[in-house]
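Here the structure comes first, spelled out in structure tokens, and everything after it is commentary.
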Amino acid sequence: MAITQRCITLCFAAALLGNAGYIHVCYGDEFTADIETVRKLLQQDAAFTVTEREQAYAVLEPLSKRASDISTAAFQLEVSRIFALAHNGHTMLVAGLWPSQFNRIPVRTHVFADGLFIIDADEPTLIGEKILAIDDHPVDELRQAFAQYWGAVPGKRDDWLGYWLESAELLHAAGLAEKPDVLTLRVQNSKGKISEVSLPATVQPPAHGRYTFFSHSRLVELLPANLSPRIPTPLYLAEPDKLFRYASLPDLNAFYLQLRYNTHAAGQRLDSSFIDAVLAAIAAQKPQHIIVDLRLNSGGDLNNTRALMQTLPTMLPPNGKIFAITSGRTFSAGIASLGYLKQAGGDRVVIVGEPIGDALEYWAEGNLVELPVSKAEVLIATERHNYVTGCPEDDCHGSILKHPIRVQSLAPDISAPLRYQDYQHGIDPALRAIAAALKTTL
């Protein structure tokens with residue numbers, strides 16, 4: 001890839017200053033190659049309506065005229081804005097890769113039902129603080145602003161919000177931060193005291209690899225910073241390295257199955273061997289109820305779990321229930337798994353938790369494409385999913401055409417929002433809600 005002299009000079013100057021936060025403010029005509037790639041991807045992505053595609057081109061054309069005087073951060077945000085116009089969770093510039101490219105302040109955040117909290121930080125006293133504003137922009141404003149850059153539903157957007165608002169470089173490019181290398185947080189501690197802290201931003205690539213955000217939730221990875229050693233780790237956050245797991249819950253007369261991902265990853269296989277072991281364990285235990293925990297399942301391959309989801313209701317005694325736990329992170333093949341389970345079990349399947357991360361009709365099954373210069377990665381969607389009608393259209397995903405899902409709703413029957421205090425004290429509100437429904441206690 002050829003790089004203009006202007007780009008070399010700016011990057012070299014930033015390196016001399018020792019501030020890695022400026023490493024991405026290079027300029028050059030090479031962004032035109034990215035723009036041509038975006039133009040082609042817009043034609044391939046099937047999620048756009050005619051009007052939405054016109055709106056996307058209306059953003060792209062002015063951007064092509066600015067290719068010689070825009071930073072990489074600003075360019076990627078504009079490309080994000082283009083694909084967000086499809087209002088489709090699978091059509092996106094992948095924000096989860098931003099930590100590998102742009103600077104970040106030394107805190108990690110997560111959105112809970114009661115607000116945005118710091119769940120990890122270089123300065124331990126910041127852990128557990130609630131963020132009220134960043135550079136005088138209220139958190140609710142920032143959460144809404146992120147909708148410009150990703151067309152997913154709010155619960156799914158919130159799951160990835162930190163990849164954007166922890167970067168001074170990106171917030172500055174969005175016009176929401178005063179400086180590209182410092183952010184000022186207004187925070188509130190557990191006693192209600194409000195203070196401000198200014199934090200420098202540097203490039204901090206993820207320690208576990210570029211793509212682990214797909215399979216691993218921050219809630220699992222960063223729990224040790226929040227949980228007192230005296231408090232047992234709640235079941236749904238235990239064994240952080242395991243993506244697929246099961247256990248017995250004798251207090252609830254239930255079998256617990258957790259799927260944190262819907263495909264083979266990290267040396268673990270979601271295959272017939274695992275499924276056979278699950279069914280054998282249920283048959284041996286003979287539980288009255290089954291709990292299927294999909295709240296951390298961000299997707300994968302729906303074919304891996306379809307037969308299991310269809311079989312589980314047949315393993316119940318006549319008075320048994322299946323409780324399926326969901327959240328905004330429940331996405332893609334995680335939603336399809338829930339759909340197959342609900343379709344097979346009907347009213348015997350009770351959904352507990354928070355709303356899932358997409359609508360019941362969406363587009364997916366596209367390719368991840370790297371833009372040649374900015375190195376942004378764009379995911380496009382090419383096949384329809386509809387879990388209400390069974391998706392009979394010719395443009396539907398082949399597996400759904402062959403094995404349709406027809407359900408009226410996958411909304412929670414029992415609301416069980418996760419608050420930071422629950423997370424901090426090792427409380428699982430979903431299991432508590434299930435226990436209450438069964439008129440028992442944990």
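Which count do you get for residues in the range 48-66 that are of a type in the set (A, V, I, L, M, F, W, C), outside any loop (DSSP other than H, G, I, E, B) and surrounded by 14 or more Cβ atoms within 10 Å (Cβ to Cβ)?
Looking only at the range 48-66, we keep the residues that are of a type in the set (A, V, I, L, M, F, W, C), and these are 48, 50, 56, 58-60, 63.
In the following step, the residues that additionally are outside any loop (DSSP other than H, G, I, E, B) were identified as 50, 56, 58-60, 63.
With the extra rule that they be surrounded by 14 or more Cβ atoms within 10 Å (Cβ to Cβ), the set shrinks to 56, 59-60, 63.
So the count comes out to 4.
Could you tell me which of the residues Glu196, Glu178, Glu169, Glu239 is at pLDDT 95 or above, of a type in the set (Asp, Glu) and within 16 Å of Ala95 (Cβ to Cβ)?
Checking each option against the conditions leaves just Glu169.
Among the residues of the range 203-229, count how many are more than 18 Å from Arg295 (Cβ to Cβ), among the polar types (S, T, N, Q) and surrounded by 16 or more Cβ atoms within 10 Å (Cβ to Cβ).
1
Tell me the residue from Gly128, Gly162, Gly155 that is among the small types (Gly, Ala, Ser) and over 19 Å from the mean Cα position of the chain (by Cα), please. Lay out the reasoning, then the answer.
Numbers: Gly162 fails: over 19 Å from the mean Cα position of the chain (by Cα); Gly155 fails: over 19 Å from the mean Cα position of the chain (by Cα).
Step by step, each of Gly128, Gly162, Gly155 is checked, and only Gly128 is among the small types (Gly, Ala, Ser) and over 19 Å from the mean Cα position of the chain (by Cα).
If the requirement is being of a type in the set (Gly, Ala, Ser), assigned to a helix (DSSP H, G or I) and assigned by TED's automatic domain parsing to the domain that holds Ile351, which of these qualifies: Ala277, Ala324?
Values: Ala324 fails: assigned to a helix (DSSP H, G or I).
Of the residues listed, the single one that is of a type in the set (Gly, Ala, Ser), assigned to a helix (DSSP H, G or I) and assigned by TED's automatic domain parsing to the domain that holds Ile351 is Ala277.
Before we move on, is Thr311 farther than 30 Å from Arg39 by Cα, β-branched (Val, Ile, Thr), touching a Lys or Arg at 6+ places or on another chain (Cβ under 8 Å) and not in a strand (DSSP E or B)?
Numbers: farther than 30 Å from Arg39 by Cα: yes; β-branched (Val, Ile, Thr): yes; touching a Lys or Arg at 6+ places or on another chain (Cβ under 8 Å): no; not in a strand (DSSP E or B): yes.
Judged against the criteria, Thr311 is not a match.
Take the residues in the range 99-118 that are within 16 Å of the chain's Cα centre (by Cα) and over 20 Å from Asp181 (Cα atoms), then tell me which one is surrounded by the most Cβ atoms within 10 Å (Cβ to Cβ).
Within the range 99-118, the match that is surrounded by the most Cβ atoms within 10 Å (Cβ to Cβ) is Leu116.
Being basic (Lys, Arg) and without any contact (Cβ under 8 Å) to a residue 60 or more places away in the chain is the filter here; which residues of the range 326-351 pass it?
The initial filter retains those residues of the range 326-351 that are basic (Lys, Arg), namely 329, 342, 348.
Correct list: Arg348 only.
Condition first: exposed (fewer than 14 other Cβ atoms within 10 Å of the Cβ) and small (Gly, Ala, Ser). Can you find one or more residues in the range 294-302 that meet it? Step through it out loud before you land on a result.
Just the residues of the range 294-302 that are exposed (fewer than 14 other Cβ atoms within 10 Å of the Cβ), to begin with: none.
Scanning the range 294-302, I find no residue that is exposed (fewer than 14 other Cβ atoms within 10 Å of the Cβ) and small (Gly, Ala, Ser), so the answer is no.
Residue by residue through the range 93-132, note down the ones that are over 17 Å from Leu227 (Cα atoms), outside any strand (DSSP E or B) and not polar (S, T, N, Q).
Val94, Ala95, Gly96, Leu97, Trp98, Pro99, Phe102, Ile105, Pro106, Ala113, Asp114
Give the number of residues within the range 86-97 that are farther than 19 Å from Gly328 by Cβ and surrounded by fewer than 24 Cβ atoms within 10 Å (Cβ to Cβ).
Total meeting the criteria: 1.
Go through Leu219, Leu185 for me and flag whichever is part of a helix (DSSP H, G or I), aliphatic (A, V, I, L, M) and closer than 27 Å to Leu418 by Cβ. I'd like the intermediate steps shown before the answer.
On the way: Leu185 fails: part of a helix (DSSP H, G or I).
Checking each option against the conditions leaves just Leu219.
The values are calculated or read from the model by the stated rules, or taken from the named source; none is laboratory data. Bear in mind that the values here come from a model prediction, so they are computed numbers and not experimental data. Positions of Cβ are generated from backbone atoms using ideal geometry, with glycine treated the same way; all protein chains shown enter the neighbour counts.
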